[in-house]
Amino acid sequence: MRMGRRIAATLKRTALHAGPTVLGIIVLDFLFLQLMPGDAADVIAIEAGAATAETMAMLRERFGLDQPIITQLGNFLSHLVQLDLGHSARFNASVLDIIMTRLPNTVLLMATALSLALLMGIVMGSVMAAWAGKWPDRLLSVVVLLLYSMPGFWVGLMAIVLFSVKLGWLPNDSNMTVGANYTGLAMIADRAVHLVLPALALASFFVAVYSRLVRASMLEVQRQDFMRTAQAKGLHPFFIQLRHALRNALIPVTTVAGMHLGNLLGGAVVVETLFGWPGMGRLALEAVLARDFAVLLGVLLLSSLLVIAANVVIDLLHAWLDPRIGET
Amino acid sequence: MQADKLVDVGSRAASRKGRRLRAFLRNPTFLAGLSILSFFVAIALLAGWLFPTDPQDMVAQPLLWPGDDPAYLLGSDSLGRDVLAQLVYGTRASLMVGVASAAIGLAIGMVVGSAAGYFGGWIDTLLMRLVELFQTTPTFLLVIVIVAIREPSLSTIALAIGLASWPTVARLVRAQFRSLRESDFVMAARSLGYSSTRIIVQEILPNALPPVIVAASVMIANAILTEAGLSFLNMRDPNVISWGGMIGDGRDQLRSAWFLTALPGAAIAAAVLSLNLVGDGLNEILNPRSDDA
Amino acid sequence: MSLLAVEGLTVAFPGNIAVREASFAIAPGETLALVGESGCGKSVTAFSVMRLLAPNARVTAGRILFDGIDLLAMTPAAMREIRGKQISLIQQEPMTSLNPVLSIGAQIAEVIRRHERVTRKAARARVVELLELVRIPDAARRIDDYPHNLSGGMRQRVMIAMAVACGPKLLIADEPTTALDVTTQSQVLDLLDDLRRRLGMAVLLITHDLGVVAQWADRICVMYAGRIVEQAAIGAFFTRPMHPYSRGLLGARVDVGADEHYSLNRLSEIPGSVGSAAGEAGCAFAPRCPLVVPGCRLAVPPLIAQGERAVACPVVI
């Protein structure tokens, strides 16, 4: 099957490309760790209350902290290969375990926000393009410009005031009703209502980004000859926009969506903290407050890997939209 | 007749310059953005004259709503501080961080982008890898990590945002350089034996600037948003008033006094909006073909 | 009765009138060539017949009768029934006139399923037949190809297959071979001519290449600056062109041998450039015309019938 071959080719290319990036991120991560004030021995000494110079030296020897930088990098890498991101003194657990309990929540939030942003961006952008220069376009342009200018977390706060405080429709804390112990459909519904506000807050800025892009891209497609070909077949204008224009217009949108994934995940730090969402972003902030740099850098590393993984998904979407990709 | 033509060409060049200026003055988007922005700049400069007392001082009854007391037009917070005075002083922090970090990001991005675009080859491959690396890392987390390495002061925050935001500029400048690298005037400069540095700085860079200028306004806007997020998370200089910090402080009173979060957020939105309008306007003026409506 | 009768068509763009009072007719099964320099209004005329003008263009006068019904008075929905079924279109650029993200099979099947109630499977079988009809080798395998897999000539064949899929009565071909090399050009035009005979279609062939006209058209309409200046049967036109512009066109051609091959001719070889259709009183060709008399600049010369042909120049009649 041709489609299968193209997908396989895309996967292979992405994987080859991602390899060096992953390595680079690990090295960057290690360098930051070196720059952090204090090392693991200091952290343990502080936790223990006090330590003599001999104990410190012994600890440093045991962690390999007295070795030259390059050896330490080697050790860091070999630990990583064994999926060992270190131990958190503050949380008293392995860094990887801590992060892994938070990862699914962040993935859920990110995927929901991204889908929401893409969906709303496509709808709003298409409407703006279809009525370009007329009042629906002008009205939505103002909305989009505002969304583009408002901090996402503030949008979240205002949404809390409206939907949680004034109207009482939606919850604004955590990712489920604590202590309710719902099961089955009730659990899914409970999770879903908890997801609404954080996802909206995280998506708001990106709705604006994608709307602007879809609008420009749809207007560009209208000028193409194949649009006249489609009209000459007697197809309905709505059908032409949906089948012929949108698919072409979405190709640049997916490219940009891939470039914004890092920003999206970054925005999750504030939004998760704001909504008490137990994800990696909030963990990062907890780690900063606890001065637990192993956890902080672990989050940085895993978030970057998550961005790479999400980029693979975007690349596949791109290959599905554009048959010219993935062929030799 | 020949001379006539030359004069004609000269005057046409002059009138083109005039048209450019008139285009700035006629573009409503640009003008709207510029006037809001000028308002904020004026406020930031005049803050000390408008509110001579320390805005951190407790001056009023706590939690006055806007309009309750004409002396405190926008009310007071839970510590009895004047909200309007804080907003005015907060303008300084936002604009300073925005401009400083954009300058840092632009400087790094232009050096990296022009080197990659001009030299191509392995330099390009290597630098673009670096760009990709920084684009893959979640920007905001990177800023947090850098701020965590040092203490959260205004300069650290500006540096961190600058260090995290250069990749976009680098990509943009690289693309410009790649298209300009082969142009006639660069070829001519090269055949005259000019050094690479001279060609990059004097020949290509001025021609590559228009999209960078547009990007600069958007970068300042994004930096203000990032700074607000950081301050909201309490990663801020405790001695400096910032809009994000005000939102963070007001959050505890979200149920009773939501104006404490609404007002500074609106200020952020207005400032960022002005910069985005300026960016959109500049884009319409500098790249007329991108105008699609 | 003629299949298509365009009567007094005038099309305006903001600040410019592209077509002025154009009238011509096409009989069933006939190939009419519409000839002129680029910008003379020939493509605009063709697109008005399908009512596919750019949004800023407006038909300000005239009627377009197709089978006796005025297309300009039709509702958009009724017009969509005509497009692709009764009248179809082939555009100039095979590189851009196919949608790059849909397979060619899907793009051809689309027009069949729009106008006929057939199953997906039946439509696919029809597409294979059509691809064979336009002589695309290995049609059953090619059907799932995307436009970027095909050469320019092959893409134009796909466009033709799409255009003839529902057996239209009229095919509008807007410079169908301009973007192709000479060999491919004659293959595609031969194919088009063959299909015209087999399917009994009329063809409105828009071109600026007199060689193409001589070889494949029955009659010719010469357009200059938005107006039709001469209409004639091919034989009469090439033996005795009447309008000074037509004479200029034929005079500008280079004979490459006894077999009268015209394909090197380009219309732009007449001295001067095409005048603007707007504003000036009198004949638009007057500034370039070797036979100009003072009267030419006073009033626009009407198209005067002369038996089988018509010409808009009182000087030569």
Once phi for every residue in the range C:125-140 is put through the Karplus expression 6.51 cos²θ - 1.76 cosθ + 1.60 (θ = phi - 60°), the whole-Hz ³J(HN,Hα) values, with Gly and Pro written as x, are 4, 4, 4, 4, 4, 5, 5, 5, 4, 8, 6, 8, x, 6, 4, 4
Could you point to the residue in B:Q176, B:V147, B:P55 farthest towards the positive end of chain B's charge dipole, with +1 and -1 charges on the Cβ of Lys/Arg and Asp/Glu respectively? B:Q176
At R0 = 56 Å, FRET efficiency that the Cβ-Cβ distance of B:W122 and C:F13 yields, to 0.05: 0.60
Using a cut-off of 9 Å between beta-carbons, work out the net charge of the residues near B:P55 (Lys and Arg +1, Asp and Glu -1, B:P55 not included). -2
At a threshold of 8 angstrom on Cα-Cα distance, excluding pairs fewer than six apart, so keeping six or more, what relative contact order does chain C reach in percent? 21 percent
Only Lys, Arg (+1) and Asp, Glu (-1) charged, at Cβ; the range A:100-323 dipole about Cα centre in debye: 620 debye
Taking a label point 7 Å from the Cα of B:S191 along Cα-to-Cβ, the residues of the range B:85-126 whose backbone nitrogen sits under 14 Å from it are none
Per the Kirkwood treatment, what hydrodynamic radius in Å, one decimal, follows for chain A from the mean inverse distance over all distinct Cα pairs? 22.8 Å
How big is the equivalent ellipsoid of chain C along its three axes, where each semi-axis is √(5λ) from the Cα gyration tensor, reported in whole Å from largest to smallest? 35, 22, 17
Residues A:L35 and A:L185, FRET efficiency given R0 of 45 Å [Cβ-Cβ distance, rounded to 0.05]: 0.35
May I ask you to derive the relative contact order of chain B, considering only C-alpha pairs under 8 Å and at least 6 residues apart, and to give it as an integer percent? 24 percent
Just going by the charge dipole of the range B:76-232, with Lys and Arg at +1 and Asp and Glu at -1 on Cβ, which of B:S196, B:G162, B:G229 is farthest out on the positive end? B:S196
Once the piece of chain linking B:E182 and B:V201 is laid out straight, how much longer is it, given 0.36 nm per residue of separation minus the C-alpha distance between them? 5.3 nm
Just to compare against my own numbers: the Cα pair-distance distribution for the range A:135-245, 5 Å bins, whole % per bin, please. 2, 10, 14, 13, 12, 12, 10, 10, 8, 6, 2, 1, 0
In this model, which of A:K134/C:K121; A:K134/C:K85; A:K233/C:K42; A:K134/A:K166 are farther than 31 Å apart at the alpha-carbon? A:K134/C:K121; A:K134/C:K85; A:K134/A:K166
Starting from the Cα of C:R113, step 7 Å toward the Cβ, then list every residue of the range C:136-156 with an amide N under 20 Å from that point. C:140-147
Please give the calculated 222 nm ellipticity per residue for chain B, where each DSSP H segment of at least 4 residues contributes -39500 (n - 2.57) and the sum is spread over every residue; nearest 500 deg cm²/dmol? -25000 deg cm²/dmol
Suppose every K and R has +1 on its Cβ and every D and E has -1 on its Cβ; what is the size of the dipole of the range C:94-167 about the Cα centre, in Debye to the nearest 20? 180 debye
One checks the Cα atoms of the range C:94-167 and finds Rg and Dmax, in Å, of 11.0, 32
In debye to the nearest 20, the charge dipole size for the protein assembly as shown, taken about the Cα centre with +1 at each Lys and Arg Cβ and -1 at each Asp and Glu Cβ, equals 2560 debye
If you split all Cα-Cα distances of the range C:121-217 into 10 Å bins from zero, what percentages do you get per bin, shortest first? 15, 49, 30, 5, 0
Averaging over all projection directions, find the projected area of the Cα convex hull of the protein assembly as shown and quote it in nm² with one decimal place. 51.8 nm²
Neighbour cut-off at most 10 other Cβ (10 Å), DSSP loop, chymotrypsin sites (Phe, Trp or Tyr not before Pro), the range B:27-98: none
Test item: C:157-167 mean partner chain Cβ contacts at 10 Å: 1
Which loop trypsin sites (Lys or Arg not before Pro) in the range B:210-256, with loop taken from DSSP, have no more than 11 other Cβ atoms within 10 angstrom of their Cβ? B:R255
Taking one equal scatterer on every alpha-carbon of the range C:1-149, how large is log10 of I(q)/I(0) by Debye at q = 0.11, 0.13, 0.16 1/Å? -0.55, -0.74, -1.02
Work out the charge dipole of the range C:94-167 with +1 on the Cβ of Lys and Arg and -1 on the Cβ of Asp and Glu about the Cα centre, then indicate which of C:M159, C:N99, C:H115 is farthest towards its positive end. C:H115
Charge tally in the Cβ shell below 9 Å around B:G113, where Lys, Arg are +1 and Asp, Glu are -1, B:G113 excluded: +2
Please compute, for peptide A:152-163, the average count of beta-carbon atoms on other protein chains lying within 10 Å of each residue's beta-carbon. 5
Note the full-extension length gain between A:V256 and A:R5 as 0.36 nm times their separation in residues minus their Cα-Cα distance, in nm to one decimal. 87.9 nm
Rel. contact order, % - alpha carbon contacts under 8 angstrom, at least six apart, the range C:1-129: 23 percent
Only loop residues by DSSP count here, and only those with at most 13 other Cβ atoms within 10 Å; note down the chymotrypsin sites (Phe, Trp or Tyr not before Pro) in the range A:175-254 that meet that. A:Y182
Relative packing of peptides A:17-23, B:215-221 - highest average C-beta neighbours within 10 Å first: B:215-221, A:17-23
Counting Lys and Arg as +1 and Asp and Glu as -1 over every other residue whose Cβ sits under 13 Å from the Cβ of A:L195, the net charge comes to -2
Among DSSP beta bridges whose residues both lie in the protein assembly as shown, state the antiparallel percentage, nearest 5. 60 percent
Using packing as a proxy for protection, rank C:213-226, B:193-206, A:284-297 so that the peptide with the highest average count of other Cβ atoms within 10 Å comes first. C:213-226, A:284-297, B:193-206
Restricted to Cα positions, what overall size does the range B:35-286 have along the principal axes? Three whole-Å values, descending. 74, 36, 27
Here the whole-number average of other chain Cβ atoms within 10 Å per Cβ of B:224-235 is 5
Quick one: go through the range A:233-252 and flag any residue whose amide nitrogen is under 20 Å from the point 7 Å out along the Cα-to-Cβ line of A:R13. A:247-252
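Readers should treat all values here as calculations from the given coordinates under stated rules, not as data from a laboratory. Only a predicted model underlies this, so the values are computations on that prediction, with no experimental measurement involved. Cβ atoms come from the backbone with ideal geometry, glycine included; neighbour counts cover every protein chain shown.
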